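Before any comments, here is the structure.
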Amino acid sequence: MRHPVSAPGRVEQGLEPAMQHAGPLPSASPGAPGAEGRPVSTGALLEHWLAGRLDEAGARWLRDAVASIAGGGADRELYRSISIVSRMLGKAPLGLEPAELAMAEAARQGWDPSPWTVDQAARVCLLLAAGADGDSFVRRLDQLCATADVDELVAFYRGLPLYPDPPRHRLRAAEGLRSNMKVVFEAVAHRNPYPAEQLPQDAWNQMVLKALFVGSPLHPIVGLDRRANEALAHMLGDYARERRAARRPVSPELWRCVGPFAGGPLLESLERLLEDGSAAERAAAVLALRSASDPRAGRLLERHAALRDSVAAAGADWRSVLELQ
């Protein structure tokens, strides 16, 4: 099934572009990208990982396709190759080892391809092989997304942090975040440094709110604490009050973005959680209040010292509070 996606056009200015390449990779084996002090591209790293996981026929097909596309082959060769990736290579998990994930972080800060599959890695590898010219790259990506199925869309959106000229893909990212397909939304929002680096505050805040609305966890969002802001805290506080008034559940993770700005009505909401919330909500309230700068937050924690101390003794964090639900 095809899902047409409108093509982005306008480019916003003012945010730093993402890093595309880095220096030598840690613990690179001889012959691997980044070994012997060689700089590495993310495309070369993807190709190297895939070569080590594919059978001989699959590795040969990918190597030939990359060479043809990188050698100036027509766009139709790129589109054809991407369309048959699953048939040629399968959809197995890429299954990167810790050392390989460290290579990913060294090659591109914030890049976490731990959930990627073989077909996703191959599609992004082929797209990167087509060249880094800004106009041509955007045109190719628009064309691919316009005719992509769900699996292909997930690959293209997970690849956002690796693409050249990052600011040019902000509207593409926004398109993915508007998707009513949760897996596509999470391809942009989860384990992806692009939103934190490139989205303006309003778009960032809407992404976090939508994650809560569709039931996506917040902890895989890269830069969640760094991009916390007062407007988002009040937006989430209003959302939580509406949900509680309707007797509907609220994710304990919501309070992570509220804590640093807790005061007034937000502090009152956290106090109510301490008094009558679930076990997960009470632990979340403690974590949120620990990050608050308002001196009243400290006094509130003192009044609930036993709970505060039990949360600390359990080593609770924002991921583990979800296990208390």
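Report the residue, chosen from Ala122, Ala246, Ala173, that carries the largest GNM mean-square fluctuation when the chain is represented by alpha-carbon nodes joined by springs under 10 Å.
Ala246
So for the range 22-178, considering every pair of alpha-carbon atoms, how many percent are separated by more than 25 Å?
The answer is 25 percent, as a whole percent.
Please compute the length gained on full extension between Asp64 and Val214, using 0.36 nm multiplied by the number of residues separating them and subtracting their Cα-Cα distance.
Roughly 49.9 nm would be gained on extension.
What number do you get for the chain when its Cα radius of gyration is normalised by 2.2 N^0.38 Å, N = residues?
Cα Rg divided by the expected 2.2 N^0.38 Å: 1.12.
Taking 7 Å along the Cα-to-C-beta vector as the label spot, tell me the Ala245-Glu105 distance in nanometres, rounded to one decimal.
It is 4.3 nm.
Quick one: dipole size for the range 22-178, taken about the Cα centre, charges +1 on Lys/Arg Cβ and -1 on Asp/Glu Cβ, in debye to the nearest 20. Walk me through the numbers before you get to the answer.
Numbers: 17 positive and 20 negative charges, 53 e Å.
Result for the range 22-178 is approximately 260 debye, rounded to the nearest 20.
Compute the distance from the alpha-carbon center of the range 217-288 to that of the range 61-131, in whole Å.
When both Cα centres are located, 39 Å separates them.
How much of the pair distance distribution for the range 217-325 lies past 25 Å, counting alpha-carbon pairs only, in percent?
The answer is 12 percent, as a whole percent.
As a check on your grasp of the helix formula, calculate [θ] at 222 nm for the chain: sum -39500 (n - 2.57) over DSSP H runs of n ≥ 4, divide by the residue count, round to the nearest 500.
Details: 17 runs with 175 residues, N = 325.
My calculation for the chain gives -16000 deg cm²/dmol from helical runs alone.
Cβ neighbours within 10 Å, averaged per peptide: list 140-146, 129-135, 115-121 in order, most packed at the top.
Packing proxy ranking, top to bottom: 115-121, 140-146, 129-135.
Of Glu197, Glu186, how do they rank once you tally other Cβ atoms within 10 Å and put the fewest first?
With the sparsest Cβ surroundings first, the list reads Glu197, Glu186.
Mind checking which of Ser310, Ser114, Ser86 has the largest fluctuation in a GNM of the chain, springs on alpha carbons under 10 Å?
Looking only at Ser310, Ser114, Ser86, the largest GNM fluctuation is found for Ser310.
Would you kindly state how much longer the chain becomes between Glu56 and Asn229 on full extension, computed as 0.36 nm times their sequence separation minus their alpha carbon distance, in nm to one decimal?
The span from Glu56 to Asn229 would gain 57.2 nm if fully extended.
Take each uninterrupted DSSP H stretch in the chain, measure its Cα extent along the helix axis, and return the ones at 15 Å or beyond whose mean Kyte-Doolittle hydropathy is at least 0.5.
Within the chain the helices that satisfy the rule are 118-129, 279-290.
Every number here is computed from the coordinates shown, using simple stated rules; none is lab data. Quick caveat: nothing in here was measured; it's all calculated off a predicted structure. Here the Cβ is made from the backbone with ideal geometry for all residues, glycine too, and neighbour counts use every protein chain on show.
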